[in-house]
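Below you'll find the structure I mean.
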Amino acid sequence: MYAKQYEITLPADYDMGIIRERVATRGHALDDRAGMALKAYVIRERGVDGSPVNQYAPFYLWNDTAAMSDFLVGGGGFEGIVRDFGRPVVRHWAGIAAEAGPARGTVPRAASRRLTPLPAEGLTEAVAAEAAALRELAAQDGVHTAALAVDPHHWQLLRFVLWEDAVPPGDDATERYEVLHLSTPELTELTGLTERA
């Protein structure tokens, strides 16, 4: 599993209806994308859920890094983003764990992301504790999918969770998103995914 996200921060007075229309008309294009487990078309709106910005920030989980590379640089679809918004920085993380939640059969409406620094000492224990916490979190009502991944360049841990309705008020997310569409062409093949009965 490999995680990827780019963030397109838009002007404070930007009409987010433009992004909603973009996703409504183009989001289905990746519904059958080979090598991709999921793409969450997520946004943040200034003043909503504590967001200081308007932002379009699609999040991906990939099963196949060659397919991810083709998407980015091989003419596989990313050129539309570059054409319309310029070339954003694409953050990426190596996967650690993925969990299916009890709301897997629903269409998620919200997502949360948490980025935390990893310690130089006790790294293995810290990651194991976060993976155990992810399993517990994924068992909560309303969780669709939860993933944990690491950025070894900045030594940060990423936790990304898709929620059926809303991010719970007490969740320690650093960012909260609205999900406009979810493409899940190879979600069942996601490496490390634990299905819940």
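Computed from the coordinates by the stated procedures, all read-outs in this text should not be read as laboratory data. No experiment lies behind these values; they were computed from the predicted model shown. Every residue, glycine among them, receives a Cβ derived from its backbone with ideal geometry; neighbour counts consider all protein chains shown.
Which residues, taken from segment 20-42, are surrounded by fewer than 20 Cβ atoms within 10 Å (Cβ to Cβ) and touching a Phe, Trp or Tyr at 6+ places or on another chain (Cβ under 7 Å)?
Within segment 20-42, V23, G27, G35 meet the criteria.
If you don't mind, there's one more thing I want to ask. Look through segment 68-98, keep the residues that are part of a helix (DSSP H, G or I) and among the small types (G, A, S), and return whichever of them is nearest to A139 (Cα to Cα). Working first, answer last.
Here is the first cut: in segment 68-98, the residues part of a helix (DSSP H, G or I) are 68-73, 79-85.
Okay, now just the ones that are also among the small types (G, A, S), so 69, 80.
Working: S69: 32, G80: 37 Å.
This residue is S69.
If I ask for residues that are farther than 19 Å from R26 by Cα and among the basic types (K, R), which ones from segment 71-98 would you list?
R91
Take the residues in segment 82-101 that are over 17 Å from the mean Cα position of the chain (by Cα) and at negative phi, then tell me which one is surrounded by the most Cβ atoms within 10 Å (Cβ to Cβ). Can you show your working first?
So the first thing to find is which residues in segment 82-101 are over 17 Å from the mean Cα position of the chain (by Cα), and the list is 82-87.
Filter again for at negative phi, leaving 82-85, 87.
On the way: V82: 11, R83: 9, D84: 10, F85: 13, R87: 11.
If we take residues in segment 82-101 being over 17 Å from the mean Cα position of the chain (by Cα) and at negative phi, then F85 is surrounded by the most Cβ atoms within 10 Å (Cβ to Cβ).
Would you mind stating whether L180 is among the hydrophobic types (A, V, I, L, M, F, W, C) and touching a His at 6+ places or on another chain (Cβ under 8 Å)?
no
List every residue pair whose Cβ atoms sit under 6 Å apart, with the two residues 6 or more apart in sequence or on different chains, where the first one lies in segment 136-159 and is farther than 19 Å from T188 by Cα and the second, anywhere, is in a strand (DSSP E or B) and among the polar types (S, T, N, Q).
Here the result reads L157/T116, each pair linking segment 136-159 to a residue that is in a strand (DSSP E or B) and among the polar types (S, T, N, Q).
Condition first: over 17 Å from the mean Cα position of the chain (by Cα) and hydrophobic (A, V, I, L, M, F, W, C). Now tell me which residues in segment 46-66 satisfy that.
V48, V53, A66
Checking T106 against (1) surrounded by 12 or more Cβ atoms within 10 Å (Cβ to Cβ); (2) not in a loop (DSSP other than H, G, I, E, B), which test does it fail?
Result: T106 passes all but (2).
Go over the candidates L115, L123 one by one and state the one that is surrounded by 16 or more Cβ atoms within 10 Å (Cβ to Cβ) and either closer than 18 Å to H181 by Cα or of a type in the set (A, V, I, L, M) (or both). Before the answer, list the steps.
Details: L123 fails: surrounded by 16 or more Cβ atoms within 10 Å (Cβ to Cβ).
Just a single option satisfies the conditions, and that option is L115.
While we're looking at this one, here's another question. Please identify the pairs in which a residue from segment 74-95 that is in contact (Cβ under 8 Å) with a residue 12 or more places away in the chain has its Cβ atom under 6 Å from the Cβ atom of a residue that is in a loop (DSSP other than H, G, I, E, B) and surrounded by 11 or more Cβ atoms within 10 Å (Cβ to Cβ), counting only partners at least 6 apart or on another chain.
G95/M1
Does A149 satisfy the criteria of being surrounded by 13 or more Cβ atoms within 10 Å (Cβ to Cβ) and touching a Phe, Trp or Tyr at 6+ places or on another chain (Cβ under 7 Å)?
Spelling it out, A149 is indeed surrounded by 13 or more Cβ atoms within 10 Å (Cβ to Cβ) and touching a Phe, Trp or Tyr at 6+ places or on another chain (Cβ under 7 Å).
Looking at Y56, Y41, Y60, which is the one that is closer than 18 Å to E21 by Cα, free of Cβ contacts under 8 Å to residues at least 60 places away in the same chain and in contact with a strand residue (DSSP E or B) (Cβ under 8 Å, 6 or more places away or on another chain)?
Details: Y41 fails: free of Cβ contacts under 8 Å to residues at least 60 places away in the same chain; Y60 fails: closer than 18 Å to E21 by Cα.
Checking each option against the conditions leaves just Y56.
Considering only segment 77-100, I want to know if a residue exists there that is more than 21 Å from L162 (Cα to Cα), out of contact with any helix residue (DSSP H, G or I) (no Cβ under 7 Å at 6 or more places or on another chain) and among the acidic types (D, E).
Within segment 77-100 (the criterion being more than 21 Å from L162 (Cα to Cα), out of contact with any helix residue (DSSP H, G or I) (no Cβ under 7 Å at 6 or more places or on another chain) and among the acidic types (D, E)), the answer is yes, since at least one residue qualifies.
Does E45 count as farther than 25 Å from A173 by Cα and either buried (at least 20 other Cβ atoms within 10 Å of the Cβ) or acidic (D, E) (or both)?
Criteria not met by E45.
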